[in-house]
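Novice: Below are the structure tokens for one structure; questions will follow.
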Amino acid sequence: MARAMFEYSKTVLQKVSFNSELFCKELEKAISRLLPYEVDELTIWLKQFTANKPELYICMNLIK
């Protein structure tokens, strides 16, 4: 079940990546719902996903 939430969070983040405000809100939700080790995995995924999306870099501050 927890793994499904991780995959769901990634899917939602991909779909809202066109809008940085929505992306930040959904990232906050994902961080609050995921287990600590999944947040670590999400961080790795986010670094790769936002590599060519500088408008989303500001949301990375939520993770720290």
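The values are calculated or read from the model by the stated rules, or taken from the named source; none is laboratory data. Being a predicted model, the structure only gives us computed values, none of them experimental. All Cβ positions, glycine included, derive from the backbone under ideal geometry; neighbour counts span all protein chains shown. Heads up: the accessible areas ignore ligands, DNA and RNA and are worked out on the full protein's heavy atoms, side chains in. Shrake-Rupley method; radii C 1.70, N 1.55, O 1.52, S 1.80 Å.
Novice: Take the solvent-accessible surface of the protein heavy atoms, probe 1.4 Å, and return the percent of it on the chain that carbon and sulfur atoms account for.
Specialist: Carbon and sulfur together cover 58 percent of it.
Novice: Another question about this same structure. What is the Cα convex hull volume of the chain when expressed per residue in Å³?
Specialist: 70 Å³
Novice: Now for a separate question. Each residue of segment 23-28 in turn: what ³J(HN,Hα) in whole Hz from Karplus with 6.51, -1.76, 1.60 and θ = phi - 60°, glycine and Pro shown as x?
Specialist: 4, 5, 4, 5, 5, 4
Novice: Tell me the mean residue ellipticity at 222 nm calculated for the chain from its helices only (DSSP H runs of n ≥ 4, each -39500 (n - 2.57), averaged over every residue, nearest 500).
Specialist: Calculated mean residue ellipticity at 222 nm is -21000 deg cm²/dmol.
Novice: Using a Cα-Cα cut-off of under 15 Å, which aspartates and glutamates could be cross-linked to Lys10, ignoring same-chain neighbours fewer than 8 residues away?
Specialist: Leaving aside aspartates and glutamates fewer than 8 places away in the same chain, those within reach of Lys10 are Glu26, Glu28, Glu38, Asp40, Glu41.
Novice: Moving to a separate point now. If one takes the longest principal axis of the Cα atoms in the chain, at what angle in degrees, from 0 to 90 and to the nearest 10, does the Cα axis of helix 36-49 lie?
Specialist: 30 degrees
Novice: Roughly what would the spin-label model give for Asn61 and Tyr8, points 7 Å off Cα along C-beta, in nm?
Specialist: Once both label points are built, they end up 3.0 nm from each other.
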